[in-house]
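Visitor: What follows is a structure written as structure tokens; I'll ask about it next.
Every read-out reported here was derived from the displayed coordinates using simple, explicitly stated rules and does not represent laboratory data. Model, not experiment: these values are computed from the prediction. Methodologically, a virtual Cβ is constructed for each residue, glycine included, from the backbone with ideal geometry; neighbour enumeration extends over all protein chains shown.
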Amino acid sequence: MIQILPAIDMINGRCVRLTKGDYSTEKVYHEDPVEMAQSFERAGAKFIHLVDLDAAKKQGNNYDVISKIASSTNLTVQMGGGIRDTDTLKQVLDFGVSRAIIGSLAVKDPQLVFDWIKEFGPEKIVIGTDVMNGYIATDGWHVTSDKDINSFVSTYMKNGATTFLCTDISRDGMLQGIAGDLYQDLQNTHKGIQLIASGGVKDMTDVVKAKDLDMFGIVIGKAIYEGNISLEQLFN
């Protein structure tokens, strides 16, 4: 059964969306992310995908909101943005985050992340694989590394990682459909990978496509907020 993860991206305690990770494209969709999360749960959601864009940019954080979402709902919380050290990881797990997404750090300090996978368990750590033309991007997608996605994933799986959140940056916030070919290729190449699709979801056909590809999960943001997908469709 595919995990459906409605997305809430946060800046200054508000629910926003960016296009291709560009902060200048910020659009506010809701003033209260907690209320938003509760409405997703009422509609039938079991999971939620939270991104702390302030923490990602090293400009404060939204931890009070995230902990409130974790404590005031029964949603399984997956969260990313700004987790750069063990203390921060422990903090977010302690206030109820079930899965922490590690992105840039997974490229910059792999040994630390390998250690986290051993210490906290692979079910707690999601490796963020943000892809630009086949290579992993870091630093809010502004820097493209020299790590190609297949060798990156392979190295992490050898070190115990199981779950990967894969975003095709060129599609993020564009409502042009998910990167089906990329996901199919990753699943064929890396047996046993738990792959979560992110970026580009246009409508329900993308959700069906991800399900048909037997993906572990799919993150849906803008398509919900722009009304391309109704919550009723999604959870029934």
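Visitor: Could you compute the net charge surrounding LYS209? Neighbours are other residues with a C-beta less than 15 Å from the C-beta of LYS209; K and R count +1, D and E count -1.
Guide: Once positives and negatives cancel, what remains is -4.
Visitor: Report, in whole Å, the centroid distance computed from the Cα atoms of segment 199-217 and segment 40-69.
Guide: Answer, in whole Å: 22.
Visitor: A follow-up question, please. For a footprinting-style exposure proxy, rank GLU41, GLU123 by other Cβ within 10 Å, fewest first.
Guide: GLU123, GLU41
Visitor: Which of LYS90, LYS20, LYS124 moves most in a GNM of the chain, Cα contacts under 10 Å?
Guide: Among LYS90, LYS20, LYS124, the largest mean-square fluctuation in the Gaussian network model of the chain belongs to LYS90.
Visitor: Still on this structure: Provide the net charge surrounding THR19, with neighbours chosen by a C-beta distance below 11 Å and charges set as Lys +1, Arg +1, Asp -1, Glu -1.
Guide: Result for the neighbourhood of THR19: +2.
Visitor: Then there's this: So what is the calculated 222 nm ellipticity per residue for the chain, using -39500 (n - 2.57) for each DSSP H run with n of 4 or more, over all residues, to the nearest 500 deg cm²/dmol?
Guide: After summing the helix terms and dividing by residue count, I get -10000 deg cm²/dmol.
Visitor: Near VAL153, within a Cβ-to-Cβ distance under 11 Å, what is the net charge of the other residues, with Lys and Arg +1 and Asp and Glu -1?
Guide: It works out to a net charge of 0.
Visitor: For the chain, what size does the Cα cloud have along each of its three principal axes, sorted from largest down, in whole Å?
Guide: 39, 38, 34
Visitor: Using the number of other C-beta atoms within 10 angstrom as an exposure proxy, rank TYR156, TYR183, TYR23 with the fewest first.
Guide: Going from sparsest to densest Cβ surroundings: TYR23, TYR183, TYR156.
Visitor: Oh, and also: May I ask which of LYS46/LYS90; LYS58/LYS118; LYS27/LYS202; LYS158/LYS202; LYS27/LYS118 have a Cα-Cα span longer than 29 Å here?
Guide: In this structure, LYS158/LYS202; LYS27/LYS118 lie more than 29 Å apart at Cα.
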